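Since every read-out is calculated from the coordinates, none of them should be taken as a lab result. Keep in mind that this is a model prediction, so the values were computed, not measured. Using ideal geometry, Cβ is built from the backbone for each residue, glycine included, and neighbour counts are taken over all protein chains shown.
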Amino acid sequence: MWFGIYDKQKIAFLFLGVFVYLLPVVVSAIRAIPEELVQTALTLGASKWQVVRTVLLPAALPEIFDSFRVMNAIAWTYVILAEAVNPGQSLGYMVQLAYSHQRASWSFAELIVIGGIGIITDQVIRMLSALLFGWKEQT
């Protein structure tokens with residue numbers, strides 16, 4: 001209701017859906033960092049901000065980035081849900097049009113397009129992860 005029923009509502013829906021997942025991942029990734037690394041940096045004279053910037057963030061970033069792949073799948077699911085709520089002139093409109101004209105082939109084509117975009121974005125995220133974090137063991 002706060003964001004209306006147009007694109008702002010869809011963007012807020014996607015942001016909240018992904019943010020709710022990302023926050024616990026960031027917290028658990030930071031908690032998984034060995035305390036010895038933080039204590040060593042503090043012993044060597046690093047400020048709290050320097051510890052965050054040079055120890056916590058680089059150590060947690062690979063796990064956070066890996067969670068982007070999962071969030072990508074969640075976000076595409078939310079895109080489909082958001083489009084179903086307020087179709088407008090986008091994917092949801094095409095689905096509604098296919099339904100009203102009883103064209104199942106249109107719906108399947110749209111699902112293939114959405115699935116293809118999801119697979120492509122997943123592969124891009126996977127390649128970026130391998131490029132940025134090549135030192136980390138890939139799963």
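Dipole size of segment 32-83 about its Cα centre, with +1 on Lys/Arg Cβ and -1 on Asp/Glu Cβ: approximately 180 debye, rounded to the nearest 20. Candidate membrane-span-like segments in the chain, meaning DSSP H helices with Cα atoms spread over at least 20 Å of their own axis and a Kyte-Doolittle mean of -1.0 or above, are 7-31, 57-85, 104-132, with no membrane implied. Considering only Ala12, Gly115, Val55, and ranking their Cα positions along the charge dipole of the chain that arises from unit charges at the beta-carbon of Lys, Arg, Asp and Glu, the one farthest toward the positive end is Ala12.
Estimate the FRET efficiency between Gln9 and Leu97 by the formula 1/(1 + (r/R0)^6), using the beta-carbon distance for r and 30 Å for R0, to the nearest 0.05. It comes to 0.90.
Put a plus charge on the Cβ of each Lys and Arg, a minus charge on the Cβ of each Asp and Glu, and nothing anywhere else: the dipole of the chain about its Cα centre is then about 200 debye.
Percent of Cα-Cα pairs more than 26 Å apart in the chain, please. Tail fraction, whole percent: 44. Net length available on complete extension from Trp106 to Gln50 is 14.8 nm, with 0.36 nm assigned per residue and the Cα-Cα distance removed.
Computed from the C-beta positions of Ile80 and Ser28 and an R0 of 41 Å, the FRET efficiency is 0.90 to the nearest 0.05. Take every pair of alpha-carbon atoms less than 8 Å apart whose residues are at least six positions apart; their mean separation over the length of the chain yields a relative contact order of 26 percent.
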